[in-house]
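> Structure incoming, see below.
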Amino acid sequence: MKENRFRHTLFGFAITGLLAFLVGFLYHVVAFASPSPLPVHISQVLGGTSGGAGEANESSVKPLEVFWETYTLVRQRYRLVGVPGWDDNNLIYAGLDGLLRSLGDPYTRFLDPKAYKQMIEQNQGQFQGIGAYLQQSRDQRHILLAPIPNGPAAAAGLKRGDILLKINGTNAVGMDIDKAKNLIRGPAGTTVELTVGRRRDPSRPEGSDNPTKPVKLVVERAVIKPDEVKFSAGPPSGHEKQTEIGYVRLHQFNEDTENQLDRALVQLGKKRVKGIVLDLRGNPGGLLDVAIGVASRFLEEGPVVFIQEAGGNRRAYSANRRQFNGEHRKYLPANTPVVVLVNRDSASASEIVAGCLKDHKIAKLVGETTFGKGLVQTIIPLESDGNRGALKITTAKYFTPNGTDINHKGIEPDYKVVARGPDEDPFAAETSTSDPQLDRAVEVLRKQIQGGDAALAAGGKR
């Protein structure tokens, strides 16, 4: 595991009259709600917190008394109907989750111990599950699936673009994506039954000539460690012979992403590529220090992102090429042309990297306006080891190096290219051999390589 250079220790956090928890390590994260393959968060220290959290007064004590009275009555009276499998933990967890959801902030919520453990595993680059990405549909009603190559889900027959209908018989239509992940994941060696809806042609929307049929799959869970970085000399989708162009796709930003990116850049350097297409489409985000590290492969110095807390103070997080763990970070030679691919599902850490490279005039952006997730959450484990779960609370927002607030707005590309495929399928770009966004990115990059964009070549410190 990487060194814990973005951790704080806090003491004395209490919820007076209801719960008293010892708060251990504090992680600051820029999280994402939707799109959302597997749970990934952006972690970073944002500074200390003021005291007085959870101060009780008359107006706050009475609701707590109502909570306890309701809880006690439910336990006493609801048992009379003989409901099997009564679980006090689930009742308390649901109450805490409802408390946070009542704020009306989709990013603030309670993580039960299992969900918190899964988040930590995901940040470390591996998890126990079926080996599939989950992503919300545009209308927020469905969860779309895509198997990780050579994983259990792929072996069981899961197809990219399948719609999640049921998990072990439980209806998943309209289900919160975090709940779906919680139900799907489990210990390696156990199984889960999925019912998915499959279109005859996943690259087209459902219709009378393209119906969706239910398919049942039984998937055995395993330890999954996906490759978050894909790369090649010669981009896919018909550009394979253009080996002077390097192609790098980042699926998420977790603790192993930087190492994987370094290996990719080393191999592409050996092949003497003259430019890079950095593909961040569909990337929902990840750890903030990793986002800064990725940006530092392209930016020599200067701010990567600004974080603003509730008090209004902004703190710059700058490019960093110093040694970590005794190894120098790999980075591109000065003036290597770069084009970044983005779409509406590029969120959080992806937007930090894209916004940084755009503002510093290091890269041109091609594709669609990004998701627009510019808020910061704090993950607070309940007990030092998170045995009681964790709270995820919005505490700050972030800005690009030029001071742009992207929340609910996203980042506009320099070259707008709308993807083909059904609007509700965020995986459509990967199911088709035709990729107009990548075609345009290659075109823009070739012009840069040939000296057609002198302004870009002159800009940016690398």
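> By count of other Cβ within 10 Å, fewest leading, how are L280, L100 ordered?
The fewest-first ordering by Cβ neighbours comes to L100, L280.
> Tell me, in nm to one decimal, what length is gained between E65 and N150 on full extension, where the rule is 0.36 nm per residue of separation less the Cα-Cα distance?
Additional length available on full extension: 25.3 nm.
> While we're here: Using a basic spin-label model with each label point 7 Å from the Cα along Cα→Cβ, how many nm lie between E412 and D439?
Roughly 2.5 nm, to one decimal.
> Still on this structure, please answer the following. Once you put a point 7 Å from the Cα of K274 and another 7 Å from the Cα of N89, both along the Cβ direction, what distance in nm separates them?
Each label point lies 7 Å from its Cα, and together they span 6.0 nm.
> Also, quick follow-up: Could you compute the FRET efficiency for T72 and A188, with r as their C-beta to C-beta distance and R0 at 45 Å, rounded to 0.05?
0.70
> Take the residue pairs K271/K373; K179/K216; K225/K271; K358/K392 and return only those whose Cα atoms are more than 25 Å apart.
K271/K373; K225/K271; K358/K392
> Between E220 and R200, what is the FRET efficiency for a Förster distance of 30 Å, r being their Cβ-Cβ separation, to the nearest 0.05?
Here the calculated transfer efficiency is 0.65.
> Separate question: For N387 and K361, what does the FRET efficiency come to when R0 = 41 Å and r is the distance between their Cβ atoms, rounded to the nearest 0.05?
Efficiency for this residue pair is about 0.30.
> For R101 and E240 in the same chain, what is the full-extension length gain: residue separation times 0.36 nm, less their Cα-Cα distance, in nm?
Stretched fully, the R101-E240 segment lengthens by 45.3 nm.
> Counting other beta carbons within 10 Å of each Cβ, put E368, E121 in order, fewest first.
Exposure proxy ranking, most exposed first: E121, E368.
> What whole number of Å gives the distance from the Cα centroid of region 171-188 to the Cα centroid of region 241-269?
One Cα centre to the other: 31 Å.
> I would also like to ask the following. Could you give me the ³J(HN,Hα) list for region 257-271, computed from phi with Karplus coefficients 6.51, -1.76, 1.60 and θ = phi - 60°, whole Hz, x at Gly and Pro?
4, 5, 4, 5, 5, 4, 4, 5, 5, 5, 5, 5, x, 5, 8
Any read-out appearing in this document is the output of simple, stated calculations on the displayed coordinates, not a laboratory observation. Bear in mind that the values here come from a model prediction, so they are computed numbers and not experimental data. Cβ: placed from backbone, ideal geometry, glycine included. Neighbour counts: every protein chain shown.
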